[in-house]
Each structure stands twice: as C-alpha cells, then as structure tokens.
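Working notes, structure below.
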Amino acid sequence: MNDRLQSGETRPPQGWQGMRWDKQTPDAIREPSQPASALNRFLGGSPGVVLLRLAVMSLAVGALLVWMDIRPDEIFYALERFVHRIWFMGFDAVREILRYIVAGAVIVVPIWLLMRLFGARGR
C-alpha cells in the first residue's frame, strides 16, 4: 500500500477521525456550540467561575485593606459622610465630585490599562 502522496506527505490511516492535517476539527465531529445564556452573558462567564474569581479578588483586596488598617465599617462610614457632605454642599458638590473622580482615576485608570494590556496578550 502506498503511504505517500505525490506531494510527499503521508496519509492518515483509513477511518482515522483525528485532527486534519491543517489542525482544524472536522465538521462532522465538531460539537455544536451552545449559545450563552443571558445570565452567563451578564456575568461574563458561568456563575461558579465568576463567583470564584470574585472570591479570589475579594481576598486580595481584603488582605490589602487589612494591611493598610482599613476596616469595612470605616469605608461605609466614610461613604455616608461623603453623601452627607455632597448633599449639604449644593453646587459646590460638582467641584468636589470632580476632585474625587480625579483622585480615583489615579488608581483606577492604570489598573484598567494594565488589565487591558495583559488581557490582550492572551487573545
């Protein structure tokens, strides 16, 4: 039996159902793709995986906050004071809010940029 094609490539055994030579899965054995449910699309993945990711991120942020000696009740109290200050300030609130936005952006934007850069490498 001639195992060589004219181009010099070898043939797969007869009846072989593995990968094609071009590394594509044959259409006959390709699993039909399941459409993502509305919940999966909303969460960005399956609920279990998202819950695990949130737990790991919460652990990391919580450890950082404990290291910086910041407690959750202090965060809620500061948020309450912030809302009261904004409420009583009136039109000066816009300036104060912009100050908070800029202060937060100093942390958030570089983290977002790093996440986008490292996320793009994996695609």
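Where a number appears in this text, it was derived from the coordinates with a stated rule and is not lab data. These numbers come from a predicted model, not from an experiment. For neighbour counting, all protein chains shown are included, and Cβ atoms are generated from backbone atoms with ideal geometry for every residue, glycine included.
May I ask you to give the average projected area over all directions of the convex hull of the Cα atoms of region 71-123, in nm² rounded to one decimal? Numbers along the way, then the final one.
Working: hull surface 20.6 nm².
Averaging across all directions leaves 5.2 nm² for the Cα convex hull.
Under the 0.36 nm per residue contour assumption, what length would be gained going from the current alpha-carbon distance of residue 97 and residue 51 to full extension?
So the extension gain works out to 13.4 nm.
Let me check I've understood the local charge: for residue 63, count other residues with C-beta under 15 angstrom from its C-beta, Lys and Arg +1, Asp and Glu -1. What total comes out? Please list the in-between numbers first.
Details: positive: 71; negative: 69.
Net of charged neighbours comes to 0.
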